Amino acid sequence: MGPEEFREAAHRLVDWVADYREAVASLPVRSKVGPGDVSGLLPKEAPERPEALSALIEDLDRVIVPGLTHAQHPRNFAWFPSNASLASVLGDIVAAGIGALGISWQSAPALTELEQVVCDWARKLCGLSEAWHGTIADGASTACLVALLAARERALGGTPGSQREGGLQASPVPLSVYTSQEAHSSVEKAVLLAGFGAANLRFVPVELPSRGMDVGALQAMMDEDVSAGLRPAAVVATAGTTATTAFDPLAGICAIARRHGAWVHVDAAMAGSALLLEGKRELFSGIEDASSISWNPHKWLGSVLETSLFYVKEPEALVSVMATDPSYLRSSRDGAVVQYRDWGLPLGRRFRALRLWALLRLEGAEAIRGRLQRDLVNAERLAAVVEAAPGWRLVAPLTIQTLCVVHEPAGLGGEELDAHTLAWCEAVNWGGGAHLTPARLDGRWMVRVSIGSETTEWADVEALWALMREAAAAVETGS
Ligand SMILES: Cc1ncc(COP(=O)(O)O)c(C=O)c1O
């Protein structure tokens, strides 16, 4: 395809995307397709000859759109907001169009330097100090793995267990890692991938009602491990847990970790966007004492997916673990520039910063803060309505924008209540008018209402509440 043909096709496709966004509110939020429905509509072999763009567009409408659960729908309250603001989409189009090869500073100087600048813009918007140096990872899972690899080397550097020597297999002492019982599953995954072993991962209990990590328990577990000959290497603290958006007390955690020389990684994947709001910074109190932080502008903030900000105090700790130096990647500028390949796992990186740069420039921080604030207000309004409704209850404190809700008909408890909860949630989802996700909390099911899609207004939240009550009443009365 040459540039002229591309120009014509791209205009049509941009029109298609704009039409999709305009129409998305009229579609069922959750996809109704079953397993194999999408692949069953597609040819088994790739075409030998070029097809017309119109055929591709036809399949977008016929096959792809019905096969989507619409994250950009104003009545999407499932999982967490996954906003792909159209301003950010523009940056992503440019990234694909330029096709820069991010393998070294020299291979695309603008790619590296824009990433540095955008990470710094975001740092300042979050009120973080100059001590932090940022990069963009594909996700919080990767950032956590990278942080744990750096923590491992920090604990073992200078011993036979250093990765440059025998690695963990030659470690003179076993290393332990700590995270709260409510941490995201990616933390356990990262601990296992980094080679610490499940037996050396401690799940620290949480305090109620906050559901933040119990710092006293952390201290006791670390002391016990040290007495047993282990070395605490890292704590992964969560600022905004997945189920209830609970915040671990970062100041206390960092103070205890410091005594043991352990790395503290803060996983703020979803809630990090709240750092933009001064009124919510208290929740992150102590964050400056951590060793690394990651949060995802590709969730609530509005950047297209695979934009996860990862900040460290000591980039050298990453470089010491990740750096490679093959001759074909060297240039005369080495030494004077940042090589982002040495801060993470991949060599070749996409021009990731463009999507966040475009979002911040074309929307402006003020409007973004206004939108986040709107979502907080909507969440508070819904919380008040739920708490005032007979039979309805919030089962976790509202910290930002996610409500954890149960409907408890008189006389129902235990597994019967679980069945009721799952049934009314499924009824809402099946109807297509809104989308919610259930989750387990203290051994029982509850339903999460995650407010924060870019186009969600109070009217959408009200409509959701009507659907919830209707579904719960229908399930209760068996109608
Ligand atoms: C607290 C938390 N950490 C990590 C993740 C994983 O993020 P990612 O998909 O960017 O790897 C999530 C996603 O739900 C999360 O809520």
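The values are calculated or read from the model by the stated rules, or taken from the named source; none is laboratory data. The model shown is predicted, which means the values in this text are computed figures rather than measured ones. In this analysis, Cβ positions are derived from the backbone assuming ideal geometry, glycine residues included, and neighbour counts consider all displayed protein chains. Note: accessible area is taken over every heavy atom of the protein model, side chains too, but ligands, DNA and RNA are not part of it. Shrake-Rupley method; radii C 1.70, N 1.55, O 1.52, S 1.80 Å.
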Inset, instruction - Please identify every one of the trypsin sites (Lys or Arg not before Pro) in region 374-479 that sits in a loop by DSSP and has no more than 15 other beta carbons within 10 Å of its own beta carbon. - result: none
Inset, instruction - Run the quick spin-label model on Gln373 and Val33: label points 7 Å from Cα toward the beta carbon, then report their separation in nm to one decimal. - result: 4.1 nm
Legend entry - Heavy-atom accessible area per residue - the chain, 1.4 Å, Å²: 44 Å²
Legend entry - Apportionment of accessible area to carbon and sulfur, region 343-474, percent (1.4 Å): 55 percent
Legend entry - Separation of the Gln163 and Arg258 label points, Cα + 7 Å toward Cβ, nm: 2.7 nm
Legend entry - Using θ = phi - 60° and Karplus 6.51 cos²θ - 1.76 cosθ + 1.60, couplings along region 71-77 (whole Hz; Gly, Pro as x): 5, 8, 6, x, 10, 8, 10
Inset, instruction - Quote to one decimal, in nm, the extra length available between Ala110 and Ala251 on full extension: 0.36 nm per residue of separation minus the C-alpha distance between them. - result: 47.1 nm
Inset, instruction - List the residues whose amide H sits under 5 Å from the amide H of Ala262, counting only those 5 or more places along or on another chain, with H placed 1.01 Å from N in the peptide plane. - result: none
Legend entry - Under 5 Å, built H, 5+ apart or other chain: amide partners of Val206: Gln181, Asp214
Inset, instruction - Evaluate the distance, in nm, between pseudo-label points positioned 7 Å from the Cα of Glu207 and of Ala427 along their respective Cα→Cβ axes. - result: 4.0 nm
Inset, instruction - Rounded to the nearest 0.05, what FRET efficiency do Arg333 and Lys44 give with R0 = 56 Å and r taken as the Cβ-Cβ distance? Could you check? - result: 0.70
Legend entry - Largest to smallest accessible area among Lys32, Lys299 [probe 1.4 Å]: Lys32, Lys299
Inset, instruction - Under 13 Å from the Cβ of Ile64, count the other residues' Cβ atoms, weight Lys and Arg +1, Asp and Glu -1, and hand me the total. - result: -3
Inset, instruction - Count the net charge of all other residues whose Cβ sits under 13 Å from the Cβ of Gly286, scoring Lys and Arg as +1 and Asp and Glu as -1. - result: -2
Inset, instruction - Compute the length gained on full extension between Ala474 and Glu224: take 0.36 nm times their separation in residues and subtract their Cα-Cα distance, giving the result in nm to one decimal. - result: 84.8 nm
Legend entry - Tail beyond 35 Å, pair distance distribution of the chain (Cα, percent): 39 percent
Legend entry - Total formal charge among the other residues, if their Cβ is under 14 angstrom from that of Gly240, Lys/Arg +1 and Asp/Glu -1: 0
Inset, instruction - May I ask you to work out the translational diffusion coefficient for region 94-363 at 20 °C, viscosity 1.002 mPa s, via Stokes-Einstein with Rh from the Kirkwood sum over Cα pairs, reported in whole µm²/s? - result: 113 µm²/s
Inset, instruction - Go through Lys280/Lys313; Lys32/Lys189; Lys32/Lys280; Lys32/Lys299 and tell me which ones have a Cα-Cα distance over 29 Å in this structure. - result: Lys32/Lys189; Lys32/Lys280
Inset, instruction - Tally up the carbon and sulfur contribution to the accessible surface of region 3-68 as a whole percent, 1.4 Å probe, everything protein left in place. - result: 60 percent
Inset, instruction - List every residue whose amide H lies under 5 Å from the amide H of Ala246, counting only residues 5 or more places away in sequence or on a different chain, with H placed 1.01 Å from N in the peptide plane. - result: Gly240, Thr241
Legend entry - Full-extension gain in nm, Leu192 to Leu56, via 0.36 nm per residue minus C-alpha separation: 44.8 nm
